[in-house]
Each structure stands twice: as C-alpha cells, then as structure tokens.
Amino acid sequence: MSQHSYMDEAGNAVFTSHYLKSRRHCCKSNCLHCPYGTTVKKLGIQFRDFSEDSTAEANVILSSFQKNLDDLKNYTVDNVKFIILKEKVIGLFAKNHIVIKELYLKEHFRDQDLSKELIESYFFA
C-alpha cells in the first residue's frame, strides 16, 4: 500500500488521514482516519481497561516509540487505558487522577489532531 492507504487486520484497504486531507473536504462518512474531526465529534472516543491479557497489544503500540510496558512502571494497571475509535484500538495512555501524562497513538492516527487535551475531554467528562 502507499501513504494513501494501508491494509487493516481484516485485509481491508483503509484510507490514511494524509490521503483524506489531500482531498480538501470532508465527506462526512465517519472515516476512521478523518483529519477534520468529524468522526470523533459524531461517534466520540471510548476507552478500555488495560489487563494482563492485553500486554502484547500494548507493547506493539509502545514499540513504535522504542518503549515497552516497563517504561510505564510508575503507573498502576488502573491508570493505563486503551483508546478506542470506531471499535478499533488506536493507542493508549497513562494518567494520574486528573490528566493524561503519556499518550501513545498508533502511527496512522498521529496526524489527526488527537491531542492529550482532546482525549482528556472525553475521558474525564
């Protein structure tokens, strides 16, 4: 695939935010990688707890930052959460009681303006 799309786990071609942004308009189809914020505004962001069963999934996300779960040892299991958009895990974060301290997004989601502040607004709402 190219910078315009990639294959997901199910073998479907998925348009990247880079490609969608190059079109210069939002199609309002709730694209997974919508660079205009339409999908997040309409469907919101969900969260899933970290568990021992999700260690491998977390390490895959962290590995692209040259980190692993040992780098999050200052946080309790309750303070590490997965970020979900359209039923897909898009990243994870570590938090304290009032703010997100560390945010790790999968590569294809890093240029969608999914900031700590935006994610906090959904998580701490």
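When only C-alpha pairs under 8 Å and at least 6 residues apart count, what is the relative contact order of the chain, in percent? Before the final figure, lay out the partial values.
On the way: 169 pairs, mean separation 26.9, N = 125.
About 22 percent, as a whole number.
Based only on the alpha carbon positions, what is the Kirkwood hydrodynamic radius of region 57-125, in angstrom? Could the numbers behind the result be given before it?
Details: mean 1/r = 0.0813 Å⁻¹.
It is 12.3 Å.
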What is the distance, in nm, between label points placed 7 Å from the Cα along the Cα-to-Cβ direction at ARG48 and at THR76?
2.3 nm
Once neighbouring chains are kept in place and the probe is 1.4 Å, which whole percent of the accessible area of region 35-89 is contributed by carbon and sulfur?
48 percent
Taking the convex hull of the alpha-carbon atoms of region 6-125 and averaging its shadow over every direction gives an area in square nanometres of 7.7 nm²
Just report the Cα centroid separation between region 46-75 and region 101-121, whole Å.
15 Å
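Of all alpha-carbon pairs in region 1-68, indicate the percentage at a distance above 15 angstrom. Walk me through the intermediate numbers first.
Numbers: 1513 of 2278 pairs.
The proportion of pairs with Cα distances above 15 Å equals 66 percent.
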Under the 7 Å Cα-to-Cβ spin-label approximation, LYS41 and ASN68 lie apart by a distance in nanometres of 4.2 nm
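Using the heavy atoms of the protein chains and a 1.4 angstrom probe, tell me the accessible area per residue for region 1-74 in square angstrom. Don't skip to the end; give the middle numbers.
Details: 4910 Å² over 74 residues.
So region 1-74 comes to 66 Å² accessible per residue, rounded to a whole number.
The values are calculated or read from the model by the stated rules, or taken from the named source; none is laboratory data. From a predicted model like this one, the values you see are computed outputs, not experimental measurements. Note that each Cβ is placed from the backbone with ideal geometry, even for glycine, and that neighbours are counted across all protein chains shown. Areas reflect the complete protein model, heavy atoms only, side chains present, ligands, DNA and RNA absent. Shrake-Rupley method; radii C 1.70, N 1.55, O 1.52, S 1.80 Å.
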